[in-house]
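Everything below concerns the one structure shown next.
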Amino acid sequence: MANTYTLIASNTLSSSAASVTFSSIPSTYTDLVVKFSVRTTDNDTMLVGLNNVTTSFSSRVLEGNGASVASYSNSSSGRYIGYPIITTTSTFANGEIYIPSYTASQNKPFSAFTAAEANATTAYITAVADLWSNTNAINEVKFTTSTYSFVSGSSFWLYGIKNS
């Protein structure tokens, strides 16, 4: 069980930005956790890339909106894996990405949970089991979107975890 969360880096945007990158991540922890609270100017997908490497991602997605549910597989042979962020004015999507054993010489499984409110009759929650097919240690995590920029106030926190 995790004993300590140590804040490695954080970024709260004071103006719009197309991307946010955490680089030079130290290898002194066992796991990584990224927490985020983000908004774009319209409904979009937040994209997450690791080490700026073009490698396959695959995922299994469970999502619900209070009226319906869905389960599907998703894959990408590109640089990023995506998470929907349904946002409207003054409403932020929130989530967490957990990456265990980020320095191990094996493919990297990780999980993501997001919640988004669209100021409508439904809210969205998504749980994702991901696999990054790469055996390199993770030393960079980059966030971008598929269409719009992150707006001012969007925040990202990167934590390292040391297990006992």
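The values are calculated or read from the model by the stated rules, or taken from the named source; none is laboratory data. Since we're looking at a predicted model, the values are computed, not measured. Counting neighbours? That spans all protein chains shown, and the Cβs are built from the backbone with ideal geometry, glycine included.
Listing for the model above:
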item	result
The lone exception for Thr45 - which of (1) of a type in the set (Ser, Thr, Tyr); (2) within 12 Å of Phe143 (Cβ to Cβ); (3) surrounded by fewer than 16 Cβ atoms within 10 Å (Cβ to Cβ) it fails	(3)
The listed residue being over 23 Å from Val53 (Cα atoms) and part of a strand (DSSP E or B), out of Ala120, Ala112, Ala127	Ala127
Test result for Thr45, polar (S, T, N, Q) and over 16 Å from the mean Cα position of the chain (by Cα)	no
Matching residues in region 1-40 - criterion: being more than 14 Å from Lys142 (Cβ to Cβ), assigned to a loop (DSSP other than H, G, I, E, B) and touching a Ser or Thr at 6+ places or on another chain (Cβ under 8 Å)	Met1, Leu13, Ser14, Ser15, Ser16, Ser27, Tyr29, Thr30, Arg39
Among the residues listed as Ala18, Ala104, the single one being surrounded by fewer than 17 Cβ atoms within 10 Å (Cβ to Cβ), at negative phi and touching a residue at least 60 places away in the same chain (Cβ under 8 Å)	Ala18
Positions within region 62-99 being of a type in the set (Val, Ile, Thr), part of a strand (DSSP E or B) and either surrounded by 18 or more Cβ atoms within 10 Å (Cβ to Cβ) or modelled with pLDDT under 75 (or both), in sequence order	Ile81, Ile85, Ile97, Ile99
Test: residue in region 132-148 that is free of Cβ contacts under 8 Å to residues at least 24 places away in the same chain and surrounded by 13 or more Cβ atoms within 10 Å (Cβ to Cβ)	no
